[in-house]
Amino acid sequence: MSTKYEKEAPSYTMTTVMEEAARCLLCHDAPCSKACPAGTDPARFIRSVRFRNLKGAAETIRENNAMGAICARVCPTEKYCELACSRTGIDCPIDIGGIQRFVTDYEEQEKMDILRKGDSNGLSIAIVGSGPAGLQTAATLLQKGYAVNIYEKNEKAGGYLRYGIPEYRLPDEIVDVEINRIVNLGAEIKYNVTIGKDVTMADLKADHDAVVVAVGASEAKMLPMFEGNPYVETAVDFLARVKEAKGDIDNIPASAVVVGGGDVAMDVATTLKRLDVKNVTDLVYEEFDEFKASKKELDATQKAGVTIVDGYVPTDVDGNTVTFKHRHLDSEMTIKTDLIILAVGQQVNTDNLGVDTDHGEVQHAGYKTDDEKVFFTGDIAQGDKTVVWAVRKGKEVAEEIDQALLGGNK
Amino acid sequence: MISKDLSVEFLGVHFENPFLLSSSPVDNCYEMCAKAFDEGWGGVVFKTIGPKHFKINEVSPRFDELTKEGTPFVGFKNMEQIAEHSLEENLHDLRHLKDDYPNKVVIASIMGTNEEDWETLAQLVTEAGADMIEMNLSCPQMTSHEMGSDVGTNPELVKKYCAAVKRGSDLPMMAKMTPNITDMVPAAKASMAGGADGIATINTVKSVANIDLDRKVGLPIVNGKSSISGFSGKAVKPIALRFLQQLRTAAGLEQLPISGIGGIETWQDAAEFILMGATTLQVTTSVMQYGYRIVEDMKNGLMHYMEDQHVEHLSELIGVANKNIVPAEDLDRDYKVYPKIDWDKCIGCGRCYISCFDGAHQAITWDIKTRRPSIDTSKCVGCHLCNLVCPVGAITTGEVVMKPGTKGNPEDVQIESSRLTHPVQ
């Protein structure tokens, strides 16, 4: 019996997925299929579902996206494909993420093996980081015939997918399945290897034809007033701790305060509720009309019973007592709580990786560095910092490497 | 993406895949057929070409649909007749299609009013380069009783016209049969006796689909009136499969080459027609509803099915199910199988209770407090209506019992069924 923290929302059945697919208008020149940053073609795979070709639907999803089952669960589809959906002209958009989840679950249930390793071209690529961008880069390169070694600093692969996104949104098992597909394609993952400490960039460059730096924004930001405070934990640490323990953690607080208003803050607040923390209050710098979190995450968080207070910033902290002031109104709020979690953003660490970043991003477009052997992708490349964008950047960097090394030819 | 050889040989002609547009509004001109070829269809049966002297004058509007709950196009009613374009235009289009798509199969559908017409048309389409001829002996909405299904129900005329076509052309030829007949076998045999090489079936079923309740007239309304005309789409699939079965099990027709038609829109429908004896498959209604693109999922899904069945060529599947459909008197009537309810799946809606009481044998009891049904085996006859109405697949086949006075071992009874034993939920 899984705990409330582990329990994923129920999936469609064959009957209910057909009902949802039947709502699809099967548009001409479908807008949903032009709206995915990763190039997913929902119109095509929903049509396949509609015509009872589930295996064909799985092929459409998987051949485009090595993270298909993950994106199905975590993508803020309401900003992309579902925002574009013509069905909105009647009532509400098709649940594209839900249908994708059903299809990728079916793919796994049928043990389909869709991606094919390309004929070896004798070239080998090192990828630093096994988050979604690194994994997609690996999958695309392997299909083109490259050998791929992935260097991961942690003991498990997946990056934020593994350590950040809560179990109820993205079960560990799904992350395993997706990574196994890429391992089965031929990726070799080397765990507990930190570049600059265990191996140097020079080593990687000597051993490979190119190196892709695919590190994400994995380190939490801290606000100076909270430094050294024993009641304070960062969102990154908290989410990793809970996920690792499958929700079975000691000393569950009676109350908690979350600071931050992005999707990570929503995950933290909802996780706290799922751990049965009675009072969870999330104070957010932005007001609701300028919120950063996706609508879906915000709605789910509010539904979970979290009190979200918008427009407030922390101005003072004394141990477990924090004072917030409204940004525009003459209003102040002081809360005494058992746990303060900061979800105020994450930063990248590119030390010893031969990539210059400023504010977490390389300050030029594309994926090349001055060193012709070194590429980068993922969060440190320009563009959004979501999984779907990581997939896009993974595919794009792989194309750029292929162009650089082989001119795009086999 | 899976890739398998879907090619078939039919009446001596090679088809890259068995999917053809049937002779209908969907392949009325060069541009339509060219687009269909580009999207992956293996061939077209170009919209029926009639004799020069027969003028086509269509009504407006000319279609209607049958719906059920939220589902459109359960069936489709069509009043359009044969090609409206001039004979010259049609022959020109046939010629150019063949020039531009040499690997696709272009079948000319023709229809005459007398032997001379049939012979002449056969000659003309052969000269235009068609790969095959289909004789339209079955359109139910012609404005002449010398044409269409009135001819197709008359074996003597069928035989005579088939012979006329064979005089006009040495191309392979199939006769398209009407389902508006009790027994298709005499007409099919007459076609073969007249020289046909195979049969295409079914054409549409004569119908009145809906009545406008305020105006008291059938739909579509043509200046206050309507007519009986052909019905097609998913709703006619069972009728089509029945005719295929009867043809393929008639003495002397066991190996009859058939181009199957009637409500095909998914790869599953296609596979069913193949298992019932079709070699090629013709489609219209679902194309009218969704477009030529539906062929993509039919082809891809059929490839996956072949892979699952460990089959390299579709020919291995043709007619495989025919032997398993037997006369009602030959079925095993010595046992019954009780339904089994999965309490974990049951959501307590009571639909099985209602259907069993009102439509079957009052063999389900209903616990008002727990809202759960249970089977009363003293009354249950094992009809499995409950299984079909259950919305969550909670009811499956359970224990098999032999009827009193019969011998036999319940364990030897084959009850496995994708519908009843493993309801898709």
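State whether one or more residues within the stretch A:13-32 are more than 21 Å from B:D297 (Cα to Cα), more than 9 Å from chain B (Cβ to nearest Cβ) and surrounded by fewer than 23 Cβ atoms within 10 Å (Cβ to Cβ). No, the stretch A:13-32 contains no residue that is more than 21 Å from B:D297 (Cα to Cα), more than 9 Å from chain B (Cβ to nearest Cβ) and surrounded by fewer than 23 Cβ atoms within 10 Å (Cβ to Cβ).
Filtering the stretch A:37-72 to residues that are more than 14 Å from every other protein chain (Cβ to nearest Cβ), more than 19 Å from A:Q143 (Cβ to Cβ) and surrounded by fewer than 24 Cβ atoms within 10 Å (Cβ to Cβ) leaves only A:P37. Is there a residue in the stretch B:305-312 that is crowded, with 17+ Cβ neighbours inside 10 Å, facing another protein chain (nearest Cβ under 9 Å), in contact (Cβ under 8 Å) with a residue 60 or more places away in the chain and not β-branched (V, I, T)? Scanning the stretch B:305-312 turns up no residue that is crowded, with 17+ Cβ neighbours inside 10 Å, facing another protein chain (nearest Cβ under 9 Å), in contact (Cβ under 8 Å) with a residue 60 or more places away in the chain and not β-branched (V, I, T).
Return yes or no: is A:A300 under 27 Å from A:Y5 (Cβ atoms), in contact with a Ser or Thr (Cβ under 7 Å, 6 or more places away or on another chain) and modelled with pLDDT under 95? Judged against the criteria, A:A300 is a match. Output yes when any residue across the stretch A:200-222 is of a type outside the set (D, E, K, R), over 26 Å from A:D370 (Cα atoms) and more than 18 Å from the chain's Cα centre (by Cα), and no when none is. Looking for residues that are of a type outside the set (D, E, K, R), over 26 Å from A:D370 (Cα atoms) and more than 18 Å from the chain's Cα centre (by Cα), one finds at least one in the stretch A:200-222, hence yes. Filtering the stretch A:268-292 to residues that are assigned to a helix (DSSP H, G or I), surrounded by 18 or more Cβ atoms within 10 Å (Cβ to Cβ) and not small (G, A, S) leaves A:V268, A:T270, A:T271, A:L272, A:K273, A:R274. Do the conditions hold for B:Y353, that is, is it buried (at least 16 other Cβ atoms within 10 Å of the Cβ) and closer than 24 Å to A:T13 by Cα? For B:Y353, the condition - buried (at least 16 other Cβ atoms within 10 Å of the Cβ) and closer than 24 Å to A:T13 by Cα - is met.
Residue by residue, here is whether (1) under 27 Å from B:I325 (Cα atoms); (2) among the charged types (D, E, K, R); (3) in contact (Cβ under 8 Å) with a residue 40 or more places away in the chain; (4) buried (at least 22 other Cβ atoms within 10 Å of the Cβ) holds:
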| position | (1), (2), (3), (4) |
| --- | --- |
| B:T201 | yes, no, yes, yes |
| B:T204 | yes, no, yes, yes |
| B:V217 | no, no, no, no |
| B:I228 | no, no, yes, no |
| B:Q268 | yes, no, no, no |
| B:G277 | yes, no, yes, yes |
| B:Q282 | yes, no, yes, yes |
| B:Y290 | no, no, no, no |
| B:I294 | no, no, no, yes |
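So, in the stretch A:212-267, how many residues would count as being part of a helix (DSSP H, G or I) and over 28 Å from A:P171 (Cβ atoms)?
3
The strands (runs of 3 or more DSSP E) located wholly in the stretch A:293-410 that include 3 or more residues which are under 30 Å from A:L272 (Cβ atoms) occupy A:307-310, A:312-318, A:321-326, A:332-336, A:339-342. Of B:I221, B:I264, B:I199, B:I181, all but one fail to be among the β-branched types (V, I, T) and within 14 Å of chain A (Cβ to nearest Cβ); the exception is B:I264.
As a summary of the residue check, B:I354 satisfies the conditions (1) within 21 Å of B:L331 (Cα to Cα); (2) under 35 Å from the mean Cα position of the chain (by Cα) except for the one numbered (1).
Any residue that is within 14 Å of chain A (Cβ to nearest Cβ) and part of a helix (DSSP H, G or I) - is there at least one of those in the stretch B:346-361? Scanning the stretch B:346-361 turns up at least one residue that is within 14 Å of chain A (Cβ to nearest Cβ) and part of a helix (DSSP H, G or I).
The values are calculated or read from the model by the stated rules, or taken from the named source; none is laboratory data. Note that the structure is predicted; figures quoted are calculated from it, not measured. So basically every Cβ, Gly included, is an ideal-geometry build from the backbone, and we count neighbours across all protein chains shown.
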